[in-house]
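Attaching a single structure in structure tokens format; questions to follow.
The values are calculated or read from the model by the stated rules, or taken from the named source; none is laboratory data. Please read all numbers here as calculations on a predicted model, not as lab measurements. Side chains are part of the model used for accessible areas, which takes the heavy atoms of the whole protein and leaves out ligands, DNA and RNA. Shrake-Rupley method; radii C 1.70, N 1.55, O 1.52, S 1.80 Å.
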Amino acid sequence: MPRLSYRRALTRALADEMARDESVFLLGEDIRVAAANVTSGLLKKFGSKRVLDTPLSEQAFTSFATGAALAGARPVIEFQIPSLLFLVFEQIVNHAHKFPLMTGGQCAVPVTYLVPGSGSRTGWAGQHSDHPYSLFTHVGVTTVVPATPADAYGLLVSAIRCDDPVVVFAPAGAMELRADVALSDLEPVPIGRGCVRRPGTDVTVVAVGHLVHDALAVADELADQLSVEVFDPRTLYPFDWDGLLGSVARTGRLVVVDDSNRSCGIAGEIIATVVERVRLAAPPRRVTRPDGAVLPFAPALDRAVQPGREQLTATIQLCLKDAS
């Protein structure tokens, strides 16, 4: 069984969808030379009419993609840096997202916005290390954050096939992950469906993106003390509330670990929604970046600002102590 990397899973998803559907095309800055090493080989395979290098004007080519989608194409935009999404928030949220709603479904805008390397890449500093997925969940744009190579493939395929705009955050912390995956088993992953990565009975840990692997490692370390269930939402909007509520109903306790800023983050939304619907045995807790965090350049400080395994372990133990 081959070892498939998360990065190559994204490449394979793009290649498979371009081969399946001639309306799919790629655009972005320096994608013909695969600057982010995700579009490698696609120019040679599909030609310059379907792999388009763009000028350094994110607003322009994001608006271009909206127009192309309205005309029947399925554009995939690669953003090399997550903070570039701040520049095109208007184009995505106020145009691509709202056009189908404001026309009563008379049009579709099937654009995929792919962010390979979202979050910290160690030393990329304050303007390149954001995880702005909460902004898109707030306004109702379909938002996915795959944690594994198989999900990177499956969710990107589903995003490209979706008739609505979809933002795909591929965390920097997951890009080099590898897994034993039978290529014949790769398939679309349904948008809006989470999964239990590890069953447990004492506490549910919701982990977003690459932090799923940290949560699994912590669960292993604590296995002789308590039973941790790890829930991977995979899609942040629409969120699989039924799946999560089922998990929390079994365990009675909730911890959320999320590599984005604390205030108004997805962790707070998850906790608020759960406590509205389920009676917990202990107060829920979250592990996040600090309020208003801007990641420093210095590697030690960069890591100190991000949520880690030690914080998660301590928080889980505190949650269990609160319930005793």
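Ordered by residue, what ³J(HN,Hα) values in Hz, to whole numbers, does the stretch 218-225 give under the Karplus form 6.51 cos²θ - 1.76 cosθ + 1.60, where θ = phi - 60° and Gly and Pro are x?
Residue by residue, the stretch 218-225 yields 5, 4, 5, 5, 9, 4, 7, 10 Hz.
Something else: Averaging the inverse of every distinct alpha carbon separation and then flipping it gives the Kirkwood radius. What is it for the chain, in angstrom units?
20.1
To the nearest 10 square angstrom, what accessible area does His213 show with a 1.4 Å probe?
Rounded to the nearest 10, the figure is 60 Å².
Here is a follow-up. Using square roots of five times the C-alpha gyration tensor eigenvalues, list the equivalent-ellipsoid semi-axes of the stretch 206-255 in whole Å, biggest first.
Values for the stretch 206-255, descending: 20, 15, 6 Å.
Could you please put Val205, Val33 in sequence from largest to smallest accessible area, using a 1.4 Å probe?
Val33, Val205
If I histogram all Cα-Cα distances within the stretch 73-135 using bins 5 Å wide from 0, what percent of pairs lands in each bin?
Spelled out per bin, shortest first, that is 4, 17, 22, 22, 15, 10, 6, 3, 1, 0.
Right, next: Which percentage, to the nearest 5, of the DSSP beta bridges contained in the stretch 143-255 is antiparallel?
Among the beta bridges of the stretch 143-255, antiparallel pairing accounts for roughly 40 percent.
Which aspartates and glutamates have a Cα less than 14 Å from the Cα of Lys321, not counting those fewer than 8 places away in the same chain?
Asp202
Continuing with this model, one more query. Starting from the Cα of Lys44, draw a straight line to each of the aspartates and glutamates and keep only those under 20 Å, dropping any in the same chain fewer than 8 residues away.
Cross-link targets: Asp16, Glu17, Asp21, Glu22, Glu29, Asp30, Asp53, Glu78.
To the nearest 10 square angstrom, how much accessible area does Ser83 have with a 1.4 angstrom probe?
Ser83 has an accessible surface of roughly 30 Å² with all protein chains in place.
May I pose another question? How long are the semi-axes of the ellipsoid equivalent to the stretch 277-318, from square roots of 5 times the Cα gyration tensor eigenvalues, in whole Å, largest first?
Semi-axes, largest first: 27, 12, 5 Å.
Shifting gears a bit: Given a 1.4 Å probe and every protein chain left where it sits, what share in percent of the accessible area of the stretch 1-143 is carbon and sulfur?
Solvent-exposed carbon and sulfur of the stretch 1-143 make up 55 percent of the total.
Taking amide H positions as placed 1.01 Å from N in the peptide plane, with prolines and chain starts having none, which residues 5 or more places from Val111, or on another chain, fall under 5 Å of its amide H?
Sorted by chain and number, the residues that satisfy this are Val166.
While we're looking at this one, here's another question. Amide H neighbours of Ser118 under 5 Å, at least 5 residues apart or on other chains, H built in the peptide plane: list them.
Ala170, Ala172
If the reach is capped at under 15 angstrom between alpha carbons, list the aspartates and glutamates near Lys98, excluding any in the same chain fewer than eight residues apart.
Glu90, Asp163, Asp164
Using a 1.4 angstrom probe on the protein heavy atoms only, line up Tyr113, Tyr153 by accessible area, largest first.
Listed by decreasing accessible area, they come as Tyr153, Tyr113.
Using a 1.4 Å probe and ignoring any ligands, DNA or RNA, find the accessible area of Val76 and quote it in Å² to the nearest 10.
The accessible area comes out at roughly 10 Å².
Of Cys264, Cys162, which has the most accessible area and how do the rest follow, probe 1.4 Å?
Cys264, Cys162
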